[in-house]
Amino acid sequence: MANIKFGTDGWRAVIAEDFTFANVARVSQATADYWTKNPVPGTQRRIIVGYDRRFFSDKFAECAAEVLAENGFTVVLTPEPTPTPSVSFAVKDQRAIGGVMITASHNPPAFNGFKLKSHYGGSSDSETCKEIESFLDQIQSAQKSSARPFRQNRS
């Protein structure tokens, strides 16, 4: 299991190496856990999810949206590749608790990323990112403790 660490306003990694559907789902779950436990007065349980034109960004965005929706959030998934500022505007305009942008910004094409937008539309601060990382650690611990040994059924 990848050791996921957030940098400036989110997490970036090489596609298919550490940036996988399983890890996007883990980060999405940690994000949902954080926003569930830290509601922001004046916002709705709504999350805006956008994506850029990188390889499979639309599919990674769908993965994130599904996990967030499974946690009781109303999710607005952009219907096409969208610039990051549009997601920021929609978060503020729709009084969403936050947003997710699937993009690696200026990083090389082999990378993709999970950028967090806070309720005010701007990039999430380092404190928020650290707290979401702590939820990731809790998810990883829970997965380890509930893991069952593999037993092959021999006929």
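The values are calculated or read from the model by the stated rules, or taken from the named source; none is laboratory data. Fair warning: this is a prediction, and the values are worked out from it, not measured in the lab. Cβ atoms come from the backbone with ideal geometry, glycine included; neighbour counts cover every protein chain shown. These accessible areas exclude ligands, DNA and RNA; they are computed on the full protein's heavy atoms, side chains included. Shrake-Rupley method; radii C 1.70, N 1.55, O 1.52, S 1.80 Å.
Annotation note: GluC sites (Glu not before Pro) in segment 16-83 located in DSSP loop regions with a Cβ neighbour count of at most 16 within 10 Å are Glu17. To the nearest 10 degrees, how steeply does helix 84-93 sit against the main Cα axis of the chain, on a 0 to 90 scale? In the chain, helix 84-93 runs at an angle near 70 degrees to the longest axis. For the chain, the share of accessible area belonging to carbon and sulfur comes to 52 percent (1.4 Å probe, ligands and nucleic acids excluded).
Helix 126-146 and the longest principal axis of the Cα set of the chain meet at an angle near 20°. Percent of Cα-Cα pairs more than 20 Å apart in segment 1-121, please. Cα-Cα pairs of segment 1-121 separated by over 20 Å account for 34 percent.
Its relative contact order, with pairs defined as Cα atoms under 8 Å and 6+ residues apart, puts the chain at 30 percent. For the pair Arg45 and Glu127 in one chain, pulling the backbone fully straight at 0.36 nm per residue adds 27.4 nm over the alpha carbon distance.
Calculated translational diffusion coefficient of segment 23-65 (37 °C, 0.692 mPa s; Stokes-Einstein with Kirkwood radius over alpha-carbon pairs) equals 284 µm²/s. Remark: the Asp137-Lys5 segment gains 46.5 nm on full extension, using 0.36 nm per residue and subtracting the alpha carbon distance.
Seen against the Cα atoms of the chain and their longest principal axis, helix 21-37 is set at about 60 degrees.
Segment Phe55..Phe21, full-extension length gain: 11.0 nm, with 0.36 nm per residue of separation and the alpha-carbon distance subtracted. Sorting Thr74, Thr43, Thr8, Thr103 by solvent-accessible area of protein heavy atoms yields Thr8, Thr74, Thr43, Thr103, largest first, with a 1.4 Å probe. Ligands, DNA and RNA are left out, and with a 1.4 angstrom probe the accessible area of the chain is 55 Å² per residue.
Modelled label positions at Glu70 and Phe89, each set 7 Å beyond Cα in the direction of Cβ, lie 3.3 nm from each other.
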